[in-house]
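Just below is one structure, and these are the notes that go with it.
The values are calculated or read from the model by the stated rules, or taken from the named source; none is laboratory data. From a predicted model like this one, the values you see are computed outputs, not experimental measurements. Neighbour counts are summed over all protein chains in view; Cβ atoms, including those assigned to glycine, are modelled from backbone coordinates with ideal geometry.
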Amino acid sequence: MLIRRGALLLLLLAIAVAGGCGPQPEVEVRPPGDGPVTITVPGHAATIQQAADAAKPGDTIQVSPGVYGESVALKTPDVTLRGTDRNAVIIDGGGLRGNGVVVTAPRVTVSNLTVRGFNLNGVLVTGLVDENGGLASGSDGYRRLDPKKFPPLQNFAVRYVTAYNNALYGIYAFDSQNGVIEHNYASGHSKSGIYVGQCDDCNIVVRNNIAEYNAVGYEQANASNVVSVVRNRFADNRVGLSLLSDFQEAYVPQRKSMIAGNLIADNSAKKTPEQSEGRFGIGLDIIGGQDNEIARNLIAGHPAAGILISSSDDIAPTDNRLIGNVGQENEIDLAYVATERAPGSGNCLQDNEFEVTLPTGLDASWACPQGGAKLPGEKWSQPGAPRGVSFRDVQEPPEQPQQPEDLNAAEPEPPEISTKETRLPAADLWAEYAHGSTEPR
């Protein structure tokens, strides 16, 4: 049974945006000037939220090193929130606050800082806002998001952010379009390090990120047409990457995404929060996903399955194309376990290096472009998963690189993906910024 994230997340989001996100007294902290200005914290404003409340379109909120015990709501369009030192500017939930940074306005950038210790999410980007600019009450798990009532947020960027030890998600974007999530680090989350969900015509790029020691490194539910997930390191989680169709949420099914050039490795780390469905030891999990291109990923070191393709209740996995992927040291490189009720069709394989598939012979029978149907074969079942740890107990991240100065003025819109980014990655992709498998597991 699928996790009913709507009942948990959106109810909590509506009641727990936390201190600093409600109406605040007007504070004269904005420097004089007719055009865009830079509001410094703590120079001009004592708190980040005071600066956010004073900001006008085009302004930059520049935060100096320090630990800021607050939640931050960014409700003004065309604003940049940027730290001067990614590792030393820390927005800290202290185990008491709900969300770290909440973006509900278009064309907002969050960059070069750390968000930790929140009871919901590190950075949340969403169009689900009420008439006052706060988070609206939403699905109870059986009502879908109404796109007409809550149109997707347009244009966002989350860059060079470190998110760790937040209860649910590190970087969480839903009901949003035309964005970029790049060069971030996420660890210690009981849902996933990075999540994109509930959007159609998404046009979102997720690239050059590291997600380790989460229940799931990267999760994408009902986000389609197109989300490009390229050149990321999803390693040492319980599940590396999950594409999910959830019939209880808007925009079902998930379809038309590109997963290319990623390192998906060793996703069987024990000292991680438990995955809600007990998944463990899986690299790439496609659950009812459709019409996706899975190309030139290095998928290695999984004791359950490198790639697992299954149904989502009555939603069949169909027309997924697996091209040029390499499987190494997996128990099974590719397992296709769709149900008899939703067997799927049109999934195809081309130029992959797989030693073991289940059922056997998929390489020969599922040639692209026509692909094939479900074949009879041995049963597959999820091996037992070890007991997990609290999200609070996952080790802290290593030092992360600073955002280059030439990106300070970058627009919050998705970049074009180069061919180089979608090539087969090296086995040590972004290893210098990750704990990796050398840590106790």
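Checking Pro397, Pro343 one by one, the residue that is closer than 25 Å to His183 by Cα and either modelled with pLDDT under 95 or part of a loop (DSSP other than H, G, I, E, B) (or both) is Pro397 and no other.
For segment 270-290, the count of residues that are of a type in the set (A, V, I, L, M, F, W, C), surrounded by 24 or more Cβ atoms within 10 Å (Cβ to Cβ) and assigned to a loop (DSSP other than H, G, I, E, B) is nonzero.
Please determine whether any residue of segment 173-189 is out of contact with any Asp or Glu (no Cβ under 6 Å at 6 or more places or on another chain) and more than 30 Å from Asn408 (Cβ to Cβ). The answer is no; no qualifying residue exists. All conditions in (1) within 25 Å of Tyr185 (Cβ to Cβ); (2) out of contact with any helix residue (DSSP H, G or I) (no Cβ under 6 Å at 6 or more places or on another chain) hold for Val41, with the sole exception of (2). Working carefully through the options Gly188, Gly197, Gly170, Gly193, find the one that is buried (at least 24 other Cβ atoms within 10 Å of the Cβ) and closer than 13 Å to Asn222 by Cβ. Result: Gly197 is the single residue among Gly188, Gly197, Gly170, Gly193 that is buried (at least 24 other Cβ atoms within 10 Å of the Cβ) and closer than 13 Å to Asn222 by Cβ. All of (1) closer than 28 Å to Pro253 by Cα; (2) touching a Ser or Thr at 6+ places or on another chain (Cβ under 7 Å); (3) touching a residue at least 40 places away in the same chain (Cβ under 8 Å) hold for Ile323 with one exception: (2). Among the residues of segment 422-429, are any in a loop (DSSP other than H, G, I, E, B), within 19 Å of Asn320 (Cβ to Cβ) and within 25 Å of the chain's Cα centre (by Cα)? Yes, that holds for at least one residue. When you scan segment 205-222, how many residues do you find that are surrounded by 24 or more Cβ atoms within 10 Å (Cβ to Cβ) and under 16 Å from Ala260 (Cβ atoms)? Residues that pass the stated criteria total 6. Scanning segment 225-267 for residues that are in a loop (DSSP other than H, G, I, E, B), buried (at least 24 other Cβ atoms within 10 Å of the Cβ) and of a type in the set (S, T, N, Q) turns up Asn232, Asn237, Ser245, Gln254, Ser257, Asn262, Asn267.
If only residues of segment 386-399 that are out of contact with any Lys or Arg (no Cβ under 7 Å at 6 or more places or on another chain), surrounded by fewer than 18 Cβ atoms within 10 Å (Cβ to Cβ) and not basic (Lys, Arg) are counted, the one that is farthest from Gly193 (Cα to Cα) is Glu399. Looking across Leu8, Leu13, one residue alone is modelled with pLDDT under 95, within 23 Å of Ala163 (Cα to Cα), touching a strand residue (DSSP E or B) at 6+ places or on another chain (Cβ under 8 Å) and part of a helix (DSSP H, G or I). It is Leu13. Taking the criterion of being surrounded by fewer than 24 Cβ atoms within 10 Å (Cβ to Cβ) and not charged (D, E, K, R), the residues of segment 69-79 that qualify are Gly69, Thr76, Pro77.
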